[in-house]
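Let me begin by presenting the structure, written as structure tokens, before commenting on it.
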Ligand code: AMP
Ligand code: MG
């Protein structure tokens, strides 16, 4: 993809003045602001209508940028060199002299950090002299945006600028791993746990108990397309939208395929745009075929389950 330097410059000018803009990443689009600026971070929460206690992920260009703000450890180095830039977010301890705005993490002593792989996001981050706080560019609790039109649908003119970057190649949020003590997955995402496990070579905890939530991405109702969703459905009526994992021979107008041949990566990429398409097509109800619970299918099922708590 050809990157327009004029757009990167425009983005920098707005961000330097503590404005929020939308930026493309390989997971989903982000609503970005200078992570060192209280004013910018406050705007992010206001625009998204996000509760103050739901901290933001901060995006860095590379490890040397991050060293100013966080305490790094062995597990982090292993995962960083294997998967970054890429769809993994680390929760680390903040350094005492870090310049991160206290609004980012509600005054806590830890920070979620990520290194996006999208070439436009990287070009921008390299050009700035501060990291970017950027939650997903959608209204709180709703489906994430995977292209610039989605951001426009949610925010209209409230966002000053959307940096164009095409459709997000992964289409699901990052996997969040807490590395402050024993590695613990806080949110399933675009990088499979099995791949993380292969690198760390030790037991990884996965906290999925809604009563002990440490990442609000684990809240029960999240990623909602605002329609009732029923899961593991085999038969549907013509007036229900039916999401299928792969193409079938007898296609009906209410059928929506996540992938041509059941490829889970392709299915993940298409999930949120399928939700948005269905919502725009006036269906009042979504049924979903059973999705294989392996690899990225686990993340898809996690999102479907949360979206179905309507
Ligand atoms: P979003 O950017 O909308 O995908 O949401 C970011 C997710 O990261 C939310 O679920 C947050 O709760 C989680 N998160 C951000 N910072 C932290 C942190 N310091 N500890 C635990 N989870 C975090
Ligand atoms: Mg989000």
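Tabulated values for the structure
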quantity: DSSP-defined antiparallel bridges as percent of all bridges, the chain, nearest 5; calculated: 50
quantity: Label-to-label distance, nm, for residues given as residue 157 and residue 99 (7 Å Cα→Cβ offset); calculated: 3.4
quantity: Additional length obtainable on full extension of the chain from residue 167 to residue 282, 0.36 nm per residue less Cα span; calculated: 39.1 nm
quantity: Choice from 122, 50, 290 with maximal GNM fluctuation in the chain (Cα, 10 Å cutoff); calculated: 290
quantity: Cubic angstrom per residue, convex hull over Cα atoms of segment 1-145; calculated: 102
quantity: Hydrodynamic radius (Kirkwood) for segment 54-96, which is based on Cα pairs only, to one decimal in Å; calculated: 11.1
quantity: Highest-fluctuation residue, 115, 90, 257 considered, GNM on the chain with Cα pairs under 10 Å; calculated: 257
quantity: Neighbour-count ranking [beta-carbon atoms within 10 angstrom, fewest first] of 250, 276; calculated: 250, 276
quantity: Inter-label distance for residue 203 and residue 2, nm, one decimal - labels placed 7 Å from Cα along Cα-to-Cβ; calculated: 5.5
quantity: Rg [Å, one decimal], Dmax [Å, integer] - segment 73-159, C-alpha atoms; calculated: 15.0, 44
quantity: FRET efficiency for residue 263 and residue 180, using Cβ-Cβ distance with R0 set to 45 Å, rounded to 0.05; calculated: 0.80
quantity: Size-normalised alpha-carbon gyration radius of the chain, reference 2.2 N^0.38 Å; calculated: 0.98
quantity: Packing-based exposure ordering (other Cβ within 10 Å, fewest first) of 153, 75, 110; calculated: 153, 110, 75
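FYI, it's all coordinate maths here, none of it is from the lab. Quick caveat, the model's predicted, so the values are computed rather than measured. For neighbour counting, all protein chains shown are included, and Cβ atoms are generated from backbone atoms with ideal geometry for every residue, glycine included.
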